[in-house]
Amino acid sequence: MSQEISTSQPNRPEIASRKREFSWRVAANLLISFKYAWNGISYTFVTQRNFRIHLLIGALAISLGILLHLQPIELAVISITIGLVLALEVLNTAIESVVDLTVKQTYHELAKIAKDCAAGAVLVTALAAVFVAGILLLPPLLVLLRAAL
């Protein structure tokens, strides 16, 4: 479970803290929809250490895959897996924010369960990503290391 955001004063980027008039309505056009989506990704990047860690490790995994001359399909599998981890980290942030909004600064066992389950979903995908990376990156990496020795 993420510990980065306190319920009293979250570290919100300026763009995410502005009031959005008629936020319950569908965006007027696709560009505005993308802007709102980018605001969510930006908020997650700024406030969630784990998102930044996953992003860095994902970039390293893709870079290593390119360096090891993996097949395009293998790079695609790694990229999709990383994308799933990052997407679930964004969803985890959204769930935690809604739970914090609902319970304010009080403790509720169901709020804890919701936050723990959301964090657990991220952990499951992160472990799957490590497994995929191990299967696809380790064999060519070991060949490269043996050749260097």
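Only residues that are buried (at least 16 other Cβ atoms within 10 Å of the Cβ) and outside any helix (DSSP H, G or I) were counted in segment 45-84, giving 3.
Residues that are part of a helix (DSSP H, G or I) and of a type in the set (Val, Ile, Thr) were ranked within segment 100-128; the one that is nearest to THR81 (Cα to Cα) is THR125.
Every test in (1) loosely packed, with under 13 Cβ neighbours inside 10 Å; (2) touching a helix residue (DSSP H, G or I) at 6+ places or on another chain (Cβ under 9 Å); (3) not charged (D, E, K, R) is passed by ALA87 save one, and that test is (1).
LYS104 falls short on exactly one of the conditions (1) in contact with an Asp or Glu (Cβ under 6 Å, 6 or more places away or on another chain); (2) at pLDDT below 95; (3) charged (D, E, K, R), and that condition is (1). Please go through segment 108-132 and give me each residue that is more than 27 Å from TYR43 (Cβ to Cβ) and touching a residue at least 24 places away in the same chain (Cβ under 8 Å), ordered by number. Across segment 108-132, the qualifying residue is only VAL132.
Being touching a Leu at 6+ places or on another chain (Cβ under 7 Å) and either in contact (Cβ under 8 Å) with a residue 12 or more places away in the chain or within 19 Å of TYR43 (Cβ to Cβ) (or both) is a property that LEU70 has. Taking (1) buried (at least 18 other Cβ atoms within 10 Å of the Cβ); (2) touching a residue at least 60 places away in the same chain (Cβ under 8 Å) in turn, GLN105 satisfies each apart from (1). Taking residues in segment 85-96 that are assigned by TED's automatic domain parsing to the domain that holds LEU123 and within 15 Å of GLY120 (Cβ to Cβ), and partners anywhere that are charged (D, E, K, R) and at pLDDT 95 or above, the pairs with Cβ atoms closer than 9 Å and at least 6 places apart or on different chains are ASN92/LYS115; ILE95/LYS115; GLU96/LYS115.
The values are calculated or read from the model by the stated rules, or taken from the named source; none is laboratory data. In this text, all values refer to a predicted model and were calculated from it rather than measured experimentally. Cβ atoms come from the backbone with ideal geometry, glycine included; neighbour counts cover every protein chain shown.
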